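Undergrad: Next up is a structure, given as structure tokens.
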Amino acid sequence: MSRDPSEPVIETRDLSKVFGRFTAVDRVSFSIRRGEIFGFLGPNGAGKSTTIRMLCGLLSSSSGTAQVNGHDINREPELIREAIGYMSQKFSLYRDLTVAENIAFFGGIYGLQGARLRDRTATVMTLAGLTGQENHLTGTLSGALQQRLALGCAILHEPPILFLDEPTSGVDPVSRREFWDLIRGLSARGITILVTTHFMDEAEFCDRLGFINAGRLIALDTPARIKTTTGSATLEAAFIKLAT
Amino acid sequence: MKRFFAILKKEFRQIRRDPLSLGLLVFVPAMLLSLYGYALSFDVKHIRIAVLDDDQTPESRSLQDSLFQNPYFDRIATITSPREGAGLLDHGRVRAVLAIPRGYARSLARGEAVNLQVLVDASDANTATTTIGYFDALSDRINRRVRFAALTHAGVTPALQGVVLEPRIWFNPELSSAKFLVPGLIGLLLMLSAVVATSLSIVREKERETMEQIMVSPIRPRELILGKLLPYVLICLVTMSMVLLLGYFLFGVTIRGSFLLLGLTTLLFLFAALGMGVLISTVTRTQQMAFQVAVLASMLPAIILSGFIFPIQNMPVAIQGITYLIIPRYFVEAIRGIILKNASFIDIWPQLLGLLILGLLFNLLATGRTRKTA
Ligand SMILES: Nc1ncnc2c1ncn2[C@@H]1O[C@H](COP(=O)(O)OP(=O)(O)O)[C@@H](O)[C@H]1O
Ligand SMILES: [Mg+2]
């Protein structure tokens, strides 16, 4: 397996998804290096979730190719599953289970057990700031804590790649800020992160951005360079210029 | 294996935290069994009768005795005028009035025809027909006895008594329709709760999108399905025991056959029924839709095509062919055999084989359709 830091961990070439006669993702090509935080930015319905779902092996692609961790998404989806963590756009832990039970469950379906499971549980509890709330029902936690727990469950099995689909939607600004600190911490440990958002301020935290509009990638660069090449003061202004 | 146990444990935790659904799974079949058991019971017993005896002889009293000896008729009133009888019928106090005319004993002794009058309230046609049937049989018995007595009296010993039909009812000696119905009902109700419960439990995860979170993990479809089904196998076994106990206490249905064979049959049945539940969950998106499809797919064909109400051999051949795909067809026949006739493995192996084949079919289809990539 490749350990060369310059080699892309995620790479797509003309990746497309067609639903019936509607093209949700239109020939998208990009590559993400190890340890990078790659932000996928675009309005609702732009095709961000659809792209992520194809990369996670939840949805088959219509055309084009994509590799995740060196494995083709259509040919070796099972090998990809071992290597990725995924946090879906909708909160998808069990609200009727406690914090500890959710962690035990997601640890279990990734095959963790014994000392490793205990070890990872403790790490994740600390990281999510949930220590002491093991026996609280997940549904009774605040939105921000639920999101942290979801992130924790996605990284239980220490995946080198993390897909986060709008992880901060519906969370207050302070908690969003703290959540991004977590994300940057994970990235610093070499985890490659693909994160989608429609908050322009969050985009500034990303190493590189892909602007997506109506299924098409309309820009692909660092936040600073996107602003300078479009001559815009903010990313928001840049997006509007590029999209129109 | 680890992943299978993770699913299993989670499933049990969720079930435990939702006692209402669990209660529904166990008690709704029990409740429906009691309701339908009574409502569908075809037996007519304790028909309320008023008697107008204008003869008042030992013979007329012996006629009444033989009438009220059995549990089918209850004497509600002894009346003295036809008007009184009409009043009782009008008010629904009695279902029938038997009038024994003056001179009944005398006419019998002379060998003359006697007209016994029976007024029957036919507002419930089923009960009326049965009542008339009982009286027919009664008059036949009296006639036979009278003829026999007359011949003997005349010094002739009748060597031939003609054809006397003496039906021996096996397996269900009291001809109790409850006994026949209860095993059928058990099959239907268990089918309903098994299919509904499993399809809902899986579609719920799709609806809340927790399924997606499971699907991105390296879990295999069969680990997922087995882990989700096993708890429902146990719950359905509890439900089965509940309805069997009720069948015994309410309708006197005892299990003549082997418990082991009954258990094996039930397991094979659950294998097929739960597989069908999973299959339904793969073609529906919402719990509401899954519920409707599950009820329709489990109950409708089960009631119409399983032989529960309409005998399969009376159906058109094409329809008979379809019945081979109906899970309760095999289950109902097998448990009826075990419960009523002490059927052995040899007697019901075709049914067991049917269940096994349908089970394999549904489960293979279901696992095949549970692809991880949409
Ligand atoms: N399963 C599907 N069938 C048909 N259309 C879909 C399906 N999933 C998504 N879409 C459509 O594809 C487009 C992109 O959706 P999505 O990727 O969820 O956008 P985003 O995540 O950027 O908001 C939307 O117009 C959406 O309605
Ligand atoms: Mg989305």
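The values are calculated or read from the model by the stated rules, or taken from the named source; none is laboratory data. Since we're looking at a predicted model, the values are computed, not measured. All Cβ positions, even for glycine, are placed from backbone atoms using ideal geometry, and neighbour counts span all protein chains on display. For the accessible areas, the whole protein counts, side chains as well, though only heavy atoms, and no ligand, DNA or RNA atoms are used. Shrake-Rupley method; radii C 1.70, N 1.55, O 1.52, S 1.80 Å.
Undergrad: Measure nothing but the geometry: give the 0 to 90° angle between the long axis through the Cα atoms of B:327-341 and the longest principal axis through the Cα atoms of chain B, rounded to 10°.
TA: Its long axis makes an angle of about 50 degrees.
Undergrad: On to the next question. Rg/Rh for segment B:47-153: what does it come to with C-alpha atoms and Rh from Kirkwood?
TA: 0.98
Undergrad: How far, in degrees from 0 to 90, does helix B:58-68 lean away from the longest principal axis of the Cα atoms of chain B, to the nearest 10?
TA: 0
Undergrad: Follow-up. Which value, in debye to the nearest 20, describes the size of the charge dipole of chain B about its Cα centre when Lys and Arg Cβ atoms bear +1, Asp and Glu Cβ atoms bear -1, and nothing else is charged?
TA: For chain B, the charge dipole is close to 1620 debye.
Undergrad: Could I ask something else about it? For the protein assembly as shown, what are the per-bin percents of Cα-Cα distances with bins 20 Å wide, up to the bin holding the maximum?
TA: Result returned by the calculation: 16, 33, 24, 14, 10, 3, 0.
Undergrad: If you don't mind, another one. Return the equivalent ellipsoid semi-axes of chain A as a descending list in whole Å, where each equals the square root of 5 times an eigenvalue of the C-alpha gyration tensor.
TA: Square roots of five times the eigenvalues give 30, 21, 17 Å.
Undergrad: Additional query: I want to check the label-to-label distance for B:Thr78 and A:Thr234. Put each point 7 Å from Cα in the C-beta direction and report it in nm to one decimal.
TA: Going from the B:Thr78 label point to the A:Thr234 one covers 10.4 nm.
Undergrad: About the Cα centre of the protein assembly as shown, how large is the charge dipole given +1 on each Lys and Arg Cβ and -1 on each Asp and Glu Cβ? Please answer in debye to the nearest 20.
TA: Around 660 debye, computed over the protein assembly as shown.
Undergrad: So what is the accessible area of segment A:94-135 per residue, in Å², with the probe set to 1.4 Å?
TA: 42
Undergrad: Follow-up question, since we're still on this one. Quick check on chain B: helices-only [θ] at 222 nm, where DSSP H runs of length 4 and up contribute -39,500 (n - 2.57) each and the sum goes over total residues. Nearest 500, please.
TA: For chain B, the value works out to -23000 deg cm²/dmol.
Undergrad: Further question on the same structure: What's the longest uninterrupted piece of chain B once you rule out the chymotrypsin sites (Phe, Trp or Tyr not before Pro) that are loop residues per DSSP with at most 13 other Cβ within 10 Å?
TA: Counting only loop sites that pass the neighbour cut-off, the longest clear stretch is B:171-323.
Undergrad: Turning to a different aspect of this structure: What do you get for GluC sites (Glu not before Pro) in segment B:59-152 restricted to DSSP loop and a cutoff of at most 15 other Cβ within 10 Å of the site's Cβ?
TA: Those that pass, being in a loop and sparsely packed, are B:Glu112.
Undergrad: For B:Arg147 and B:Val28, FRET efficiency with R0 = 56 Å and r from the beta-carbon atoms, rounded to 0.05?
TA: 0.50
Undergrad: Just to be sure I understand the model, the point goes 7 Å from the Cα along the line to the Cβ. What's the resulting B:Asp18 to B:Thr254 distance in nm?
TA: In this crude spin-label approximation the distance works out to 4.1 nm.
Undergrad: For the protein assembly as shown, build the charge dipole from Cβ charges (+1 Lys, Arg; -1 Asp, Glu) around the Cα centre, then report which of A:Thr65, B:Ala99, A:Gln133 sits farthest towards its positive end.
TA: Most positive-ward Cα: A:Thr65.
Undergrad: For chain B, calculate the relative contact order in percent as a whole number, restricting contacts to Cα pairs under 8 Å that are 6 or more residues apart.
TA: That works out to 21 percent.
Undergrad: Tell me the total accessible area that B and A bury against each other, 1.4 angstrom probe, in square angstrom rounded to 100.
TA: Adding both sides of the contact gives about 2600 Å².
Undergrad: Relative to the longest principal axis of chain B, what angle (0 to 90°, nearest 10) does the C-alpha long axis of helix B:345-369 take?
TA: Here the helix axis deviates by roughly 40 degrees.
Undergrad: Take the solvent-accessible surface of the protein heavy atoms, probe 1.4 Å, and return the percent of it on the protein assembly as shown that carbon and sulfur atoms account for.
TA: About 59 percent, which is the carbon plus sulfur part of the accessible surface.
Undergrad: Let me ask you something else. Can you list the lysines whose alpha carbon is less than 25 Å from that of A:Lys241, not counting same-chain residues fewer than 8 positions off?
TA: A:Lys48, A:Lys227
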